[in-house]
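S.K.: Input: one structure, supplied below.
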Amino acid sequence: MTRRLAEVAKYAGVSEATVSRVLNQKPGVAKSTQELVLTALDVLGYERPTQLRGERARLVGLVLPELQNPIFPAFAEVVADALAKRGFTPVLCTRTSAGISEADYVDMLLEHQVSGVIFSGGLYAQAAADHEHYLRLRERGLPAVLVNAAYEDLGFPRISVDDRSAVEQAVTHLRFLGHERIGMVLGPADHVPSARKLAAFEKYGGAAELVERGMFSMEGGQAAGRRLLRKGATGVVCASDVIALGVVRAVRREGLRVPDDVSVVGFDDSLFMSCTDPPLTTVRQPIEAMGRGAVATLISQIGGAPVSTEELLFEPELVVRGSTGPPAAVTSLRAASAQV
């Protein structure tokens, strides 16, 4: 009992006497302090006193923005498998159009006494979004991991793909094929991964007038793609596979062909991208390694091990398929040279 008190007190940052008062439901303890102690009990794997607990299991929240983009279900599968092997059960939470927000899910997860939370594609990646619920988690001392490019250091470990490397590989590939008018389609201006991709695009010679923004959807990609076509882009690098499919649709609606007239590169390498027409050239996120890295980092926190909040960057991989090829002018020149 003494050892338990000491461990809980150390984790919660309070005295052993305060822990004892909470466990015995003595008056004079602030609600915020009580929550710190109860969170410490949950994280360290101790049972709450009967009067202070409901149903409890070794639960970990997994908060995703959506399930329509195939990359998120794939990531969830990796995380769920890794958690199950560690004896934890994932609680899947996805934001909905009906109004269930990340903050709502955080409140629910705290009520369910989860041991930790993994966020992917969360509001932490948007500068203009409300980050108060992340601060609430940090104040409670609950372990959490942020996957892919937090807007600022919120005090949690971060697992991210290297967006700069992704853009370098995509642009280098298109330039090697002979493209000079290379466009880019990104998400909103306050979206951190998009900002990183833009910085890399400019570093590797991308033209500012060939950058378009839109929603992470086929419709957003189609609208942005149409604008780039009117500016004479022959190659387009996209911030997601779904956006890239929208650009492909825009090319066809203009009576052009992929890759004969316009080459398109996606990002993610989500499910079925090898089955599209044409198969999509894309930059693969290493979601297997990232998912298992996120789980390992969270479990280390739960176990009380010190974990750095420095961002861990995972290297993406260009996967060349059928949606990229030489621009029409280069193809014509090669054909003419072959006839000489």
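S.K.: Provide the convex hull volume over Cα atoms per residue for the range 102-229, in Å³.
M.R.: 117 Å³
S.K.: Using 0.36 nm per residue, how much length does the chain from Ala30 to Glu254 gain when fully extended, once their Cα-Cα distance is taken away?
M.R.: Additional length available on full extension: 74.2 nm.
S.K.: Can you give me the long-range amide H partners of Arg321? Hydrogens built in the peptide plane at 1.01 Å from N, cutoff under 5 Å, separation of 5 or more residues or another chain.
M.R.: Excluding prolines and chain starts, which carry no amide H, the hits are Thr281, Thr282.
S.K.: Sticking with this structure for a sec: If amide H atoms are built 1.01 Å from N in the plane of the peptide, which residues on other chains or at least 5 residues away come under 5 Å of the amide H of Met273?
M.R.: Under 5 Å from the amide H of Met273: no residue qualifies.
S.K.: Mean-square fluctuation check for the chain, GNM, Cα pairs under 10 Å: which of Arg230, Arg136, Arg321 is largest?
M.R.: Residue with maximal mean-square fluctuation among Arg230, Arg136, Arg321: Arg230.
S.K.: Taking the chain, how much of its Cα-Cα pair set, in percent, is spaced more than 37 angstrom apart?
M.R.: Here the long-distance tail beyond 37 Å is 29 percent of all Cα pairs in the chain.
S.K.: With only alpha-carbon pairs counted, each pair once and no self-pairs, how large is the Kirkwood hydrodynamic radius of the range 213-266 in angstroms?
M.R.: Final number for the Kirkwood radius of the range 213-266 is 10.3 Å.
S.K.: Could you state the accessible area per residue of the range 228-307 in Å², with a 1.4 Å probe and every protein chain left in place?
M.R.: About 38 Å² of surface per residue is accessible.
S.K.: Got a number for carbon plus sulfur as a percent of the chain's accessible area, 1.4 Å probe?
M.R.: That fraction is 53 percent.
S.K.: Please find, in a Gaussian network model of the chain (springs between Cα atoms separated by less than 10 Å), the residue of Val22, Val79, Val117 whose mean-square fluctuation is greatest.
M.R.: In this elastic network of the chain, the residue with the biggest mean-square fluctuation among Val22, Val79, Val117 is Val22.
S.K.: Let me ask something else. Per DSSP helix of 4 or more residues, -39500 (n - 2.57); summed, then divided by the residues of the chain. What does that give at 222 nm, rounded to the nearest 500?
M.R.: Taken over the chain, the calculation gives -13500 deg cm²/dmol.
S.K.: Where does the range 193-340 land on Rg(C-alpha)/(2.2 N^0.38 Å)?
M.R.: That ratio works out to 1.27.
S.K.: For the range 182-206 and the range 222-270, write down the distance between their C-alpha centroids in whole Å.
M.R.: Computed from Cα coordinates, the inter-centre distance equals 16 Å.
S.K.: Using θ = phi - 60° and the Karplus curve 6.51 cos²θ - 1.76 cosθ + 1.60, what whole-Hz ³J(HN,Hα) does each residue of the range 208-213 get, with Gly and Pro shown as x?
M.R.: Here the 3J(HN,Hα) series is 4, 6, 9, 10, 10, 10 Hz.
S.K.: In the range 209-234, which residues have a backbone nitrogen under 15 Å from the label point lying 7 Å from Ala189's Cα in the Cα-to-Cβ direction?
M.R.: Residues passing the 15 Å test: 209, 211-215.
S.K.: Let me ask another. Tell me, what is the per residue accessible area of the range 115-226 in Å², probe radius 1.4 Å?
M.R.: Accessible area per residue: 37 Å².
S.K.: Can you list the HN-Hα couplings for the range 306-311, worked out from phi with the Karplus curve (6.51, -1.76, 1.60; θ = phi - 60°), rounded to whole Hz and with x for Gly and Pro?
M.R.: Once rounded to whole Hz, the list reads x, 10, 6, 8, 5, 5.
S.K.: If you take every DSSP beta bridge fully contained in the chain, what fraction is antiparallel? Give it as a percent rounded to 5.
M.R.: 10 percent
The values are calculated or read from the model by the stated rules, or taken from the named source; none is laboratory data. Remember, it's a predicted structure, so these values are computed and weren't measured experimentally. Counting neighbours? That spans all protein chains shown, and the Cβs are built from the backbone with ideal geometry, glycine included. Note: areas computed on protein heavy atoms with side chains; ligands, DNA, RNA excluded. Shrake-Rupley method; radii C 1.70, N 1.55, O 1.52, S 1.80 Å.
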